[in-house]
Amino acid sequence: MGAHPVNGTGARPRTIANPPVEAARASTDSAVRTFLNDPHPELAAEQAHLDLAHARLDETRSEALRLKNMVEVGAGGTNQARWEREMINENIAGRLRDLDIGDRSLCFGRIDQNEAAGAGSYHIGRVAVSDRNQDPLIVDWRAPVAEAFYRATGRDPQGLVRRRHFVSRGRQLLGLEDEFFGDAALTQRATVNGRELRGRGALIAALETSRTGRLSDIVGTIQAEQDEIIRAPLPGVLVVQGGPGTGKTVVALHRAAYLLYTHRFPLEGQGVLVIGPNRLFLGYIEQVLPSLGEAGVELSVLADLVRNVRVSGRDPIAAGRIKGDLRMVKLIRRAVRDRERPLRTDLVVGMGVRRLRLRVAESERIVNEARRRYRTHNAARKFVVNSVFDALAASHPEMPQRAEVHEAVGHHLEVREALNWMWPVLTPAQLLHDLFGSRALIRSAGIDVSEAEQAALFRGWQPGKETSGIVWTVDDVPVLDEAYERLGPRPKSHDDDDVRTYGHIVVDEAQDLSPMQLRMLTRRSLGGSMTVVGDIAQSTGAWAHADWDEVLEHLPDRRPPRRSELTVGYRIPGPSMDLAAKMLPLAAPGLTPPTAVRGDGDEPRFDQVADDLLGHVVRVAQEELRDLGQGNVAIITPTSLYQRLADTFEANGVPVGLGPRDGLDQSLTIVPVNLVKGLEVDAALVVEPAAIFDEEPQGARSLYVALTRATRRLRLVHERPLPGPLASDLPDHPAAIDPAPPGQQHLF
């Protein structure tokens with residue numbers, strides 16, 4: 001029997017004899033029930049269905065484990081048998097991973113279709129579960145039939161008469177919330193920015209759950225504008241603009257899971273890559289995709305894409321700017337060309353009683369021919385070596401074979417030196433070590449680079465230093481990658497050096513990436529399929545972009561790019577968003593802040609102290625943690641105060657985590673402002689906002705980021721007056737500082 005045309009599972013949907021119009025009217029007198037305080041009359045029946053689904057999930061796992069144990073019995077056999085056993089084991093292991101949902105909710109809700117749509121009833125959940133007759137108990141959230149669960153609205157019910165939302169903890173169903181469509185609709189629906197909110201009660205319950213230090217999936221509360229992005233077609237570049245709290249990161253991760261489910265072939269073989277801005281961020285998001293049953297996605301920072309180098313820290317702004325500029329492409333090309341050189345004097349070497357000669361003019365011909373024939377530098381090395389020994393053989397009266405000459409004189413020091421002068425084998429690290437360590441080489445290669453920029457590139461490394469001991473910066477990474485593009489793999493080392501490409505790439509916080517970094521990612525895109533997410537208002541790096549056109553200019557252009565915007569803020573309470581929005585006219589003129597779903601919430605608090613700022617931070621951090629009851633507190637600090645603040649906590653005997661080292665695993669964590677982007681916490685203490693504003697290259701944007709991390713409580717602790725846009729929130733309106741200090745005018 002063929003697959004069912006709606007759900008694609010090959011199983012029959014459960015049917016409902018009559019759409020639940022009258023039953024709905026009898027069972028509830030509102031479309032949205034306060035489900036935690038008013039138990040739903042069908043709660044017990046739905047709990048029984050979930051119990052059955054969980055039992056079948058457990059049975060399926062047990063069956064897979066038994067099969068795995070059967071396959072493992074007996075060693076040896078033919079190569080074919082061993083290969084088949086390994087493949088079966090791999091498939092079983094993958095299936096077991098899919099079925100392992102831990103303590104996460106299995107089912108999020110249910111949809112009931114009208115007669116025109118088939119009068120089917122489906123429970124939507126994290127993974128597909130069937131009964132013993134292979135009829136669906138739970139439909140995977142990514143299946144086509146589940147789309148209506150996320151997309152149906154009052155104007156476009158997509159064949160639904162009811163959508164039911166579950167709130168559960170582990171295997172226990174805590175409450176239900178019903179929405180009705182068509183004749184069954186009973187109340188007006190909640191809307192934000194003209195969009196209906198799906199399952200408002202379940203959504204708010206999820207949003208008000210305490211943070212765990214790890215980003216959670218939103219598969220049970222995905223809203224329509226988010227689902228449109230998640231299920232968007234695979235080909236081409238999709239750009240998603242989203243303000244703080246709109247869920248752009250988690251939406252991008254759900255999109256990766258959806259694409260793998262929908263396009264398993266070819267994406268499983270081609271690979272899916274997720275790029276984050278730093279390792280703290282990767283640690284924060286690492287659980288989302290496994291919770292959705294996708295463990296094969298690669299999470300990386302850009303530095304992970306360049307092999308055999310150590311990377312830490314960033315360059316000063318001036319060096320970071322030039323290293324991100326596309327002029328580095330020409331600089332690298334010229335730097336490589338400067339290492340492809342004819343001899344300065346003839347090479348003369350003895351072979352027996354004869355003297356072999358390679359003339360300068362012949363060496364120049366060899367170099368020019370190698371440049372013409374080969375796209376990458378290292379690929380031409382063999383040609384240059386063979387040509388040199390051919391020329392030496394031709395200078396012998398008896399015209400010996402090349403191999404004979406190679407064996408006789410190839411080990412001579414002057415021959416090796418001549419070859420390394422004409423055409424050395426180079427790694428990217430070796431090329432850049434020599435280049436950045438020599439003002440003369442920088443000057444020769446950087447004819448399009450100003451003297452000040454050349455000075456920013458110079459590092460003064462000692463000639464001949466081993467490159468294995470060098471610690472490169474994040475800003476060096478795209479330059480190293482460009483050097484590899486020009487050099488190519490070393491002879492006989494293709495497996496170690498080859499650049500990996502991917503069928504789809506997700507790039508988070510893309511608004512901060514330089515043209516060189518974007519070029520690096522484009523190089524790894526197999527077919528030009530990318531999802532690029534970020535917020536222009538949070539562009540805080542050396543290469544802050546004014547709009548997405550500047551980013552798209554450097555991404556694959558095989559198809560016209562598509563753009564989406566997330567306009568609803570789900571995470572940040574209204575009062576906190578209102579405060580942060582005061583920075584937007586400076587941070588990103590023209591951008592509208594997201595509309596907060598949670599209009600209420602704690603008002604931001606302000607602590608202006610006369611002295612002992614850091615000691616006060618320690619005290620109020622403990623106070624916030626006590627008042628919070630459950631959850632985590634981030635102390636967001638200017639980079640200049642980070643170490644002093646950590647020392648102050650230690651001196652006072654107060655345990656605290658350090659974000660760069662510990663992630664958000666502790667109840668109290670100190671996070672430098674330049675690493676806090678993309679994270680969310682229950683409460684945030686923003687220390688000395690004026691210092692953040694003054695010290696960061698994009699001060700207004702960095703402060704905007706700091707003010708939009710907290711899901712429940714926000715507190716500002718400061719000695720200096722607040723930046724102008726924030727000062728009016730203080731009761732006594734202290735004197736405002738200049739909203740655009742010298743050196744920042746060009747940013748806005």
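For every residue, the table says whether it meets (1) touching a residue at least 24 places away in the same chain (Cβ under 8 Å); (2) more than 30 Å from the chain's Cα centre (by Cα); (3) part of a helix (DSSP H, G or I).
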position	(1), (2), (3)
650	no, yes, yes
661	no, no, yes
669	yes, no, no
677	yes, no, no
686	yes, no, no
693	yes, no, yes
697	yes, no, no
708	yes, no, no
726	yes, yes, yes
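Against the definition (assigned to a loop (DSSP other than H, G, I, E, B), more than 32 Å from the chain's Cα centre (by Cα) and more than 23 Å from residue 276 (Cβ to Cβ)), how does residue 376 come out, yes or no? No. Residues of region 231-259 that are in a loop (DSSP other than H, G, I, E, B) and among the small types (Gly, Ala, Ser): 232, 236, 243, 245, 247.
Of everything in region 580-607 that is in contact with an Asp or Glu (Cβ under 8 Å, 6 or more places away or on another chain) and at pLDDT 95 or above, the residue that is nearest to residue 195 (Cα to Cα) is 604.
Quick check on this structure: which one of 532, 477 is assigned to a strand (DSSP E or B) and within 30 Å of residue 238 (Cα to Cα)? One residue alone meets the criteria, 532. Considering region 82-121, and only residues there that are surrounded by fewer than 16 Cβ atoms within 10 Å (Cβ to Cβ) and basic (Lys, Arg), the residue that is modelled with the lowest pLDDT turns out to be 82. Only one entry in 185, 143 is at pLDDT 70 or above and outside the structural domain of residue 233 (by TED's automatic domain parsing), namely 143. Of the set (1) farther than 27 Å from residue 582 by Cβ; (2) in contact (Cβ under 8 Å) with a residue 24 or more places away in the chain, all apply to residue 602 but (1). Restricting attention to region 310-355 and to residues that are part of a strand (DSSP E or B) and touching a His at 6+ places or on another chain (Cβ under 6 Å), the residue that is surrounded by the most Cβ atoms within 10 Å (Cβ to Cβ) turns out to be 349. Cβ-Cβ contacts under 8 Å between residues 6 or more apart (or on different chains), taken from a first residue in region 625-643 that is farther than 14 Å from residue 686 by Cβ and in contact (Cβ under 8 Å) with a residue 60 or more places away in the chain to a second residue that is among the polar types (S, T, N, Q) and buried (at least 21 other Cβ atoms within 10 Å of the Cβ), are listed as 632/669. Can residue 405 be described as surrounded by 20 or more Cβ atoms within 10 Å (Cβ to Cβ), modelled with pLDDT of 95 or more and in contact with a Leu (Cβ under 7 Å, 6 or more places away or on another chain)? Criteria met by residue 405. Screening residue 361 on (1) in contact with a helix residue (DSSP H, G or I) (Cβ under 7 Å, 6 or more places away or on another chain); (2) free of Cβ contacts under 8 Å to residues at least 24 places away in the same chain; (3) part of a helix (DSSP H, G or I) shows it passes everything except condition (1).
In region 691-712, the residue that is surrounded by the most Cβ atoms within 10 Å (Cβ to Cβ) out of those that are in contact with a Pro (Cβ under 6 Å, 6 or more places away or on another chain) and not acidic (Asp, Glu) is 703.
Could you please let me know if residue 646 is under 22 Å from residue 694 (Cα atoms), modelled with pLDDT of 95 or more, in the same structural domain as residue 687 (by TED's automatic domain parsing) and of a type in the set (A, V, I, L, M, F, W, C)? Judged against the criteria, residue 646 is a match. The criterion of being under 27 Å from the mean Cα position of the chain (by Cα) and touching a residue at least 24 places away in the same chain (Cβ under 8 Å) does not hold for residue 120. For region 260-289, the set of residues classified as under 13 Å from the mean Cα position of the chain (by Cα) and assigned to a helix (DSSP H, G or I) consists of 279, 280, 281, 282, 283, 284, 285, 288, 289, listed by residue number. When region 447-476 is examined, which residues are found to be in contact with a Lys or Arg (Cβ under 7 Å, 6 or more places away or on another chain), at pLDDT 95 or above and over 19 Å from residue 338 (Cα atoms)? Residues satisfying the conditions are 472, 473, 474, 475, 476. Residue-level check: of (1) more than 30 Å from residue 459 (Cα to Cα); (2) in the same structural domain as residue 460 (by TED's automatic domain parsing), residue 412 misses just (2).
The values are calculated or read from the model by the stated rules, or taken from the named source; none is laboratory data. This one's a predicted model, so the numbers in the text were calculated from it and none came from an experiment. When we count neighbours, we look across all protein chains shown, and the Cβ atoms used for this are built from the backbone with ideal geometry, even at glycine.
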